[in-house]
Amino acid sequence: MSPAAIAGVSVGAVAVTAGVLIAGWSAPGLPDTPVLALTRPAPAAAASLARPGGDMMFALDGLVGELGIEQRVAAEVVERPQAARPTPPPAPPPPPDVALVFRRAATAVVRQPGQGLAVLIARPGQASRLIRPGDLFDDRWRLSSLTMDQAVLSDGVSERRIALFAQPGAAGSPAL
């Protein structure tokens with residue numbers, strides 16, 4: 001073998017060895033060096049204010065540890081489900097003013113011989129009826145006294161004086 005052939009073989013061997021070393025070093029089958037990355041999910045503004053001591057260093061409950069390569073680890077934000085606070089049911093609407101309801105339903109004051117005065121109540125879709133002092137108008141209000149132009153309803157706690165046939169807005173009459 002000639003000296004040029006020996007030099008060519010030795011340069012080729014060195015090139016092959018260097019290529020194997022570089023290929024082995026960057027081989028994808030080898031595990032990468034692990035790195036511990038601590039991430040904290042972005043807290044909701046109200047949650048961090050509502051938690052006493054939430055900004056102190058020992059409040060580590062939200063930290064998530066991931067073991068992996070620093071370049072390849074994507075921080076994953078995990079939202080904790082927050083307990084849904086039950087909303088209170090809406091307040092029921094106030095009952096209509098009994099004076100307005102009574103005045104709309106009262107169609108006439110009737111004088112019955114021997115029985116005194118009574119109010120004729122006529123509501124759409126219901127049978128007409130006579131109410132005398134002492135009778136219930138609805139579930140809460142009772143007719144306590146009656147004259148030709150005024151009725152007094154009482155619920156045991158309060159009394160309502162209702163002008164029956166006065167113009168709306170007049171003293172003692174409810175505005176319609």
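Averaging the sequence gap over all C-alpha pairs within less than 8 Å and six or more residues apart, then dividing by the number of residues, gives the range 81-127 a relative contact order of 25 percent. Add +1 for every Lys or Arg and -1 for every Asp or Glu among the other residues with Cβ under 14 Å from the Cβ of R140, and state the total. Local net charge: -4.
Which of the peptides 134-142, 84-92, 6-14, 103-111 is most tightly packed, and how do the rest follow, judged by the mean count of other Cβ atoms within 10 Å per residue?
103-111, 134-142, 6-14, 84-92
In plain terms, the chain from T87 to E159 could stretch by 22.3 nm, reckoned as 0.36 nm per residue minus the Cα-Cα distance.
Laboratory data are not the source of any read-out in this text; all were calculated from the coordinates shown. For clarity, every value in this text was computed on a predicted model and none was experimentally measured. Using ideal geometry, Cβ is built from the backbone for each residue, glycine included, and neighbour counts are taken over all protein chains shown.
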